[in-house]
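Okay, so here's the structure we're looking at.
Throughout, read-outs are computed from the coordinates displayed, never taken from laboratory work. Note that the coordinates shown come from a computational prediction; the quantities given were computed from them, not determined experimentally. Quick reminder, even Gly has a Cβ in these numbers, built from the backbone with ideal geometry, and neighbours come from all protein chains shown.
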């Protein structure tokens, strides 16, 4: 299963892009990355789910935990790019009432009043491929 | 269609395989709507995640069993584990987003999601294991 996390910085916001499925096997990696970001003093996070094709309650729970960590350090977390079926889960669970969802990154940047062009990668993409089950 | 039966080790890396097999079984019936298969993937993920977590204290050789039966109108899935069981009563409601400690709750969404997205959901749990029976219809049932 392909799962990757990529972080870039934009005007003080960390843009954390997730690729793959967000569930029991992968969500801990997202949690670990958020803990690292917030621990490093970056508590303003844009979580880009454009390339996430599946989320379940474990993935949603990690997003809630990430929001708590960000706000606990005086920051915030917003979600961008969620596909319709992913967005529907935020709505069904009423998480859309506590987490701001934006259709895409430019809309979020405009709404958050983040100005300036381009983003600056802060590290290399982490491309983690889980071995196929061997029975 | 006959029964499709899958046994998996209780390990997180097999969760995706469980979703793939059940979704592929449903897709055999070409009239199953895509959004229904999306619902099916979520509810299977929730039930199988619970089963994997229920096996945390068991021998790693203990398997989780997933059975599917498909017909023209619906798919029935049963996820069976050998964990120590749990009391499902009181777990049906989505956490209120306005409760002051909402952000402290990273769990508690699985059973409510399962109840909302499956057309039928039955949880039988005891000290020797849990069986979750889920039914997803080919088309959504009309809103009541």
What do you get for Rg/Rh of the protein assembly as shown when both radii come from the Cα atoms and Rh is the Kirkwood radius?
0.98
Starting from the Kirkwood Rh over alpha-carbon pairs, what translational D in µm² s⁻¹ does the range A:2-126 have by Stokes-Einstein at 10 °C and 1.306 mPa s?
111
Most exposed first by the Cβ proxy, i.e. fewest other Cβ within 10 Å, how do A:42, B:68 rank?
A:42, B:68
List B:75, B:28 from most exposed to least, where exposure is judged by having the fewest other Cβ atoms within 10 Å.
B:28, B:75
Shape call, the range B:4-137: gyration tensor on alpha carbons, a/c limit 1.5
oblate
Does the range B:64-144 come out rounded, prolate or oblate, given a ≥ b ≥ c as the square roots of the eigenvalues of its C-alpha gyration tensor, rounded meaning a/c under 1.5 and, failing that, prolate meaning a/b above b/c?
oblate
Points 7 angstrom from Cα along the Cβ direction at residue B:20 and residue A:73: gap in nanometres?
3.6
